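Heads up, the thing below is written out as structure tokens.
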Amino acid sequence: MNTVTRKIIMCLTGLFLCFFLVIHFLGNLQLFLPPETAQHNFNAYSHFLSGNIFIKIVSYGLYSCIIAHAVDALFITFQNRKSGGAYQTDRRGRASKWYSRNMGILGFVILLFLVLHFQNFWYYYKFGALELDKDGNKDLYTLVITTFQQWWIVIIYVVSMVALFYHLAHGVHSAMRTLGIYHPRYVKWLQKAGVTYAIVICGGFALIPLYIYFTH
């Protein structure tokens with residue numbers, strides 16, 4: 001598989017993950033509701049997702065996209081470092097943002113965060129002995145509230161969202177260029193759209209642990 005093909009795969013998997021982030025974020029907005037309502041709605045929502053066959057198929061696609069995106073990113077990063085000369089090392093910073101030159105590092109931070117995130121919630125929901133709420137659903141809501149009462153986890157989540165912001169701010173724009181959706185007249189709008197998306201998604205996700213920590 002050549003580098004161009006890997007870039008296209010990384011682009012398509014990245015866009016799918018961007019779409020998933022929107023859906024995931026919209027579902028998590030229920031955590032901002034009053035506690036009793038939030039518990040009922042969030043647990044019912046989680047139960048629906050875990051029991052829906054279509055969602056299960058999509059989740060397998062999600063896991064595959066995460067793995068493919070990470071593997072291709074590592075391969076491309078190593079290839080770029082192998083082929084990089086003195087010009088890239090000394091001059092590239094003048095023409096690009098620091099985060100566009102360090103997408104591999106940002107991606108690694110996000111990957112570590114995903115391991116923590118899956119361990120905190122997905123693993124316990126699937127294999128842990130969660131208590132049931134009054135509606136008979138696994139009480140994921142209480143697990144979320146308990147987890148975000150730990151200040152160090154809140155800090156990790158907020159810092160990870162900063163890394164994700166820079167990753168998305170460059171990644172969305174880069175994906176458009178890879179797919180050929182690029183024109184000098186619209187490039188600034190694409191950049192602004194990518195930054196706006198990153199602000200909304202990452203800012204929203206960062207607010208959730210902060211809101212829970214300071215209000216519960």
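The values are calculated or read from the model by the stated rules, or taken from the named source; none is laboratory data. Because the structure is a prediction, the values reported are computed rather than measured. FYI the Cβ positions are ideal-geometry reconstructions off the backbone, even for glycines, and counts take in every protein chain you see. Quick note on the areas: whole protein, heavy atoms, side chains included, nothing else; ligands and nucleic acids left out. Shrake-Rupley method; radii C 1.70, N 1.55, O 1.52, S 1.80 Å.
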Quiz item: In region 176-199, which residues are loosely packed, with under 15 Cβ neighbours inside 10 Å and in contact (Cβ under 8 Å) with a residue 24 or more places away in the chain?
Solution: Leu179, Ile199
Self-check item: Test set (1) open to solvent by 50 Å² or more (accessible area, probe 1.4 Å); (2) in a helix (DSSP H, G or I); (3) modelled with pLDDT of 90 or more; (4) not hydroxyl-bearing (Ser, Thr, Tyr) - Leu143 fails condition number
Solution: (1)
Self-check item: Restricting region 118-135 to residues that are among the charged types (D, E, K, R) and more than 23 Å from Ile67 (Cβ to Cβ), the residue that is most open to solvent (accessible area, probe 1.4 Å)
Solution: Lys134
Exercise. Could you tell me whether region 162-175 includes any residue that is touching a residue at least 40 places away in the same chain (Cβ under 8 Å), surrounded by fewer than 18 Cβ atoms within 10 Å (Cβ to Cβ) and more than 15 Å from Lys97 (Cβ to Cβ)?
Key: no
Exercise. Could you pull out the residue among Ser50, Ser46, Ser64 that is open to solvent by 50 Å² or more (accessible area, probe 1.4 Å) and of a type in the set (S, T, N, Q)?
Key: Ser64
Quiz item: Which ones in region 23-40 are open to solvent by 50 Å² or more (accessible area, probe 1.4 Å) and either basic (Lys, Arg) or assigned to a helix (DSSP H, G or I) (or both)?
Solution: Ile23, His24, Leu26, Leu29, Phe32, Pro35, Glu36, Thr37, Gln39, His40
Quiz item: Residue check: is Tyr157 outside any loop (DSSP other than H, G, I, E, B), at pLDDT 90 or above and touching a Pro at 6+ places or on another chain (Cβ under 7 Å)?
Solution: yes
Exercise. Report the residue count in region 29-63 for those that are free of Cβ contacts under 8 Å to residues at least 40 places away in the same chain and out of contact with any Phe, Trp or Tyr (no Cβ under 7 Å at 6 or more places or on another chain).
Key: 19
